[in-house]
1. Can you pull out every residue in segment 445-494 that is hydroxyl-bearing (Ser, Thr, Tyr) and modelled with pLDDT of 75 or more?
2. Pick from segment 169-199 the residues that are at pLDDT 80 or above and of a type in the set (Asp, Glu): which of them is farthest from the chain's Cα centre (by Cα)?
3. Residues that are under 26 Å from ILE414 (Cβ atoms) and in contact (Cβ under 8 Å) with a residue 24 or more places away in the chain: which helices (runs of 4 or more DSSP H) entirely in segment 71-185 hold 2 or more of them?
4. For segment 370-385, indicate whether the set of residues that are buried (at least 20 other Cβ atoms within 10 Å of the Cβ) and of a type in the set (D, E, K, R) is non-empty.
5. Could you check how many residues of segment 386-420 are closer than 15 Å to ALA443 by Cβ and either surrounded by fewer than 21 Cβ atoms within 10 Å (Cβ to Cβ) or of a type in the set (A, V, I, L, M, F, W, C) (or both)?
6. Out of the residues in segment 254-287 that are among the acidic types (Asp, Glu) and at pLDDT 80 or above, which is nearest to ASN122 (Cα to Cα)?
7. Out of the residues in segment 102-145 meeting the condition of being at pLDDT below 85 and basic (Lys, Arg), tell me which one is surrounded by the most Cβ atoms within 10 Å (Cβ to Cβ).
8. Of the residues SER62, SER9, SER50, which single one is in a helix (DSSP H, G or I) and at pLDDT 90 or above?
Amino acid sequence: MFRIKKIDSYVFKQFFTLFLMTFLICIFILLMQFLWKHVAELVGKGIGWSVMAEFFSYAIFSLVPMALPLAILLASLMTFGNLGENFELTAMKAAGISLFRIMRPLIILISMFCVGAFYFSNYVLPIAQTKLWTLIFSLRQKSPEFDIPVGEFYSGISNYNIYVRGKEGNLLKNMMIYDFSKGFENANVMVADSGRVQFTADNKYLLLSLYDGESFENLQKQRISNSTSSIPYKRETFKQKDLLLDFNTEFNRYDESLLKDQHVAKNIKELTQSIDSVSKIAIFRSNEQAKEIVNNHYLGREEFKGKQLFDSAYAKKKILNADSLFLSFNQTSMLRVSSKALDQAKTIKDQIQYNKMMLEEPEKYVRRHQIEWHRKFTLSFACLIFFFIGAPLGAIIRKGGLGTPVVISVILFIIYYIIDNTGYKMAREGLWQSYQGMWLSSAVLLPIGIFLTYVAVVDASLFNTQEYIKIWNIIKRKFGWGSNQTTDDVEKLD
């Protein structure tokens, strides 16, 4: 029966404490980066704290797949780096405990993390991403918070620009309004001594009351003559003028069912069903297009009949030469044949472009779903790979803290991100198969993890600079590099 020993609990406690700290740091950094990308959807919209908290909670769940491997890499590197720096790792090995025995509790823990990461990606992540992107789309359609600045044009209302020179409480002074609702050439310009703004009861319209002003409307459509100087305009003087403008300040949520057919909102079972069904549609369309090409003789296999083009006897005796046949026509026939060939070529081109468009959509749909299907597994596998990179690397460099481990972790994660993003784009564009693009990063990092684990187990001096200096000196002596003076020459100089 397996019993937890003191060394297991000690190593586990060291790792788990660092993992929680690094995981929270990674989530915070990635959340700030995500917030920077979507700051336009949040700033100036008058969003309540409840919606903001909902946005951040969904974003945190969506960032777990990227933060988890990085946290495991950094925590394992710091854990074994601290053990090596404090000579605890040396003491354990001197007592006959192998590196694999020291890593055993963490291997079990990381294996549990891998299983949990898969279930998280399969069941929790689709729900979180559906709610997050529904909320983002809703925020994008939310009207900005109404706040007219002083001395600047305000364009937050569609088809209107408002300029205000001053404010006295709720009263706006010296206003200028440009109305482009009828087009730029028929703009309506209004100036007023003062004005007030208020919303209707349902918060869907803005009531703008103007006092003591004039309006000028350019009547471009009622031009008297073709002369540009004869354009009439309409002038109106008013004591009070009310404008009812569309300005919905309510926060209206999109229906989550709009994203149900997207790849980010599906689990493994739903992705598999979608891939099978849409793949059959793509294959059926491809077969139908192939039959159409053959039946319509788009490959140039038309049979020549009659004597209008050439004599059948001539065709039997000699090989048909298109250039000779074309030159045998008179000029009128040449023009007619060229025009017919050009029309047929355009028809074929249009048909091929239409067929390509009809095939691109289902193929793109299938690729997106295949990529998401493989992503469910690559997350779990990346956690395992990063542990077998971080733990032996920490045992080799024997540096703890947040200095060297952080630098090495960031470099490795940047390499992983570049490789993974490259493979994703290749698979998305159809240049590679989906499994090739999504497993590219794992295929590159797995040999590195195996090599580092082997080096750490056999205690090879991978990062010992003195060993490389000794090897370089041996090579120099063997090939006679360096100083040209021999030992006898040195003795003569003495």
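1. Residues satisfying the conditions are THR453, TYR454.
2. The residue in question is ASP193.
3. Working: elements: 88-94, 99-119, 125-141.
The qualifying helices (runs of 4 or more DSSP H) are 99-119, 125-141.
4. yes
5. Residues flagged as closer than 15 Å to ALA443 by Cβ and either surrounded by fewer than 21 Cβ atoms within 10 Å (Cβ to Cβ) or of a type in the set (A, V, I, L, M, F, W, C) (or both) within segment 386-420 amount to 6.
6. Taking segment 254-287 first, the residues among the acidic types (Asp, Glu) are 255-256, 261, 270, 276.
Filter once more, keeping what is at pLDDT 80 or above: 261, 270, 276.
Numbers: ASP261: 16, GLU270: 10, ASP276: 18 Å.
The selected residue is GLU270.
7. Selected residue: LYS142.
8. Within the list SER62, SER9, SER50, the selection yields SER62.
The values are calculated or read from the model by the stated rules, or taken from the named source; none is laboratory data. These figures come from a predicted structure and were not determined experimentally. Virtual Cβ from ideal backbone geometry, glycine too; neighbours counted across all protein chains shown.
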